[in-house]
Every structure is written in structure tokens, then in C-alpha cells.
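Some notes on the structure that comes next.
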Amino acid sequence: NIDASLKNKLDKAKVLFEQGKYTKARDEFEYIIYNNPGSSVALTAQYYFAESLYMLESYEQASKEYDKFNMLSQNSELIAKSKFLICKCLYMLSSESNKDQSQTEFTIDRIQYFLEEYPNTGHKGECETMIANLRTKLAKKEIDAGKLYLRIDKYDSALIYFNEVISLYYDTEYSDEARIDIIFLYLLQEKIS
């Protein structure tokens, strides 16, 4: 019986997963998905396949596999968990502050959307921390740009970036730094008043 053998294979793969053997477990879950697409066994394997990828820190692929699971599943509890883990994957993939930050803004939006969709989630604190860290990264990008303009004596451009930090990222550690940089900028221009 094919169903029984695949169910048996799923149980063995879950044991591998629970033992922390994520690479072997991933391969087993993938085999089940491709050999019995659309079955309930394959759907369970899909979730664990995504989990294995997450544990292996393959965040980009894990995010895609969680999305596939969410499209097929009716299990609201696992869908909520998957959506949270997609947010964590995106967070882990976020670039350093000196790189392009368009993905960071997308990630903040995705986490906020998750919080709106699941306002009573047990992950609220972790989501808020991720958002705060991402906002800090965006603020650092802006302050670094302002300092670059300050170094090359482009005071008006520097002022735009510093004011942006103060208005958009007022809740980050860089807000006060931007104020100090503005004072420094005015001193350099001898605008003492």
C-alpha cells in the first residue's frame, strides 16, 4: 500500500527532524512531496520541509516553502505559525545598513501585516523587536548618508538626511545623533544662532 509506506516514511522523517538531522529530514520530506503531491501526507511533509529548511538557515527557500504550505493547508494554527516564520525568514535575510534597504521596508510591512492579521499572537513582542531592529537599520542608512554629505561639504543634502532621521526614525538611537550632527553642521557653517 503506497499510502502506508509514505506515512511510514513521513514518521521516519519526523523522527530525523526531531533528532536535529535536518538535512536528512529535508530530503525525506521532499521525496514524500514529489511522490504523492496533493495528499494529506504530502501537505504535512510540506510543512516539515519548510521547517527543515528554516532550521538549516536556508531562509529564502524556507519562506517560499512556508508560502506553498499556506496556500494548500486548512490548518489555521500552522498557517499562523508559518506566516510568523516567513516574517522571521525575511528578517534574517535583511541586508546590512550599508546595502539597499528596499527589502527591509518590505519586511517591516510584512511583519506589521502579520500583527494586524493575528493581533493576539504570542509572537507580538518578537515582532515588535524585529520591527525596531529593522527601523534602526534604516535610520543608520540615513545617518550614514548624511555624514557622507557632511564630509564633502554638501550641507543642504546632509541636513535633509539628518532631518529625515529625526522625523521618520524618532524612536531609534540615531535620532539624538542626527540632532547632534545638525548642531555640528550649523557650527561648520558658522550659523551660531
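The values are calculated or read from the model by the stated rules, or taken from the named source; none is laboratory data. Since the structure is predicted, the reported quantities are computational estimates derived from the model, not experimental observations. Neighbour counts are summed over all protein chains in view; Cβ atoms, including those assigned to glycine, are modelled from backbone coordinates with ideal geometry. Heads up: the accessible areas ignore ligands, DNA and RNA and are worked out on the full protein's heavy atoms, side chains in. Shrake-Rupley method; radii C 1.70, N 1.55, O 1.52, S 1.80 Å.
Restricting region 152-179 to residues that are hydrophobic (A, V, I, L, M, F, W, C) and closer than 17 Å to Thr136 by Cα, the residue that is surrounded by the most Cβ atoms within 10 Å (Cβ to Cβ) is Phe162.
The set of residues in region 180-193 that are open to solvent by 50 Å² or more (accessible area, probe 1.4 Å), part of a helix (DSSP H, G or I) and of a type in the set (A, V, I, L, M) comprises Ile180, Ile183, Leu187, Leu188.
With respect to Ser82, is the statement that it is in contact with a helix residue (DSSP H, G or I) (Cβ under 7 Å, 6 or more places away or on another chain), outside any helix (DSSP H, G or I) and open to solvent by less than 50 Å² (accessible area, probe 1.4 Å) true?
Working: in contact with a helix residue (DSSP H, G or I) (Cβ under 7 Å, 6 or more places away or on another chain): yes; outside any helix (DSSP H, G or I): no; open to solvent by less than 50 Å² (accessible area, probe 1.4 Å): yes.
No.
Checked against the criteria, Lys21 does not count as open to solvent by less than 60 Å² (accessible area, probe 1.4 Å), without any contact (Cβ under 8 Å) to a residue 40 or more places away in the chain and not hydrophobic (A, V, I, L, M, F, W, C).
Is region 123-134 home to any residue that is part of a loop (DSSP other than H, G, I, E, B) and under 22 Å from Gln46 (Cβ atoms)? Taking every residue of region 123-134 in turn, at least one turns out to be part of a loop (DSSP other than H, G, I, E, B) and under 22 Å from Gln46 (Cβ atoms). For the condition surrounded by 16 or more Cβ atoms within 10 Å (Cβ to Cβ), over 19 Å from the mean Cα position of the chain (by Cα) and acidic (Asp, Glu), Glu28 qualifies.
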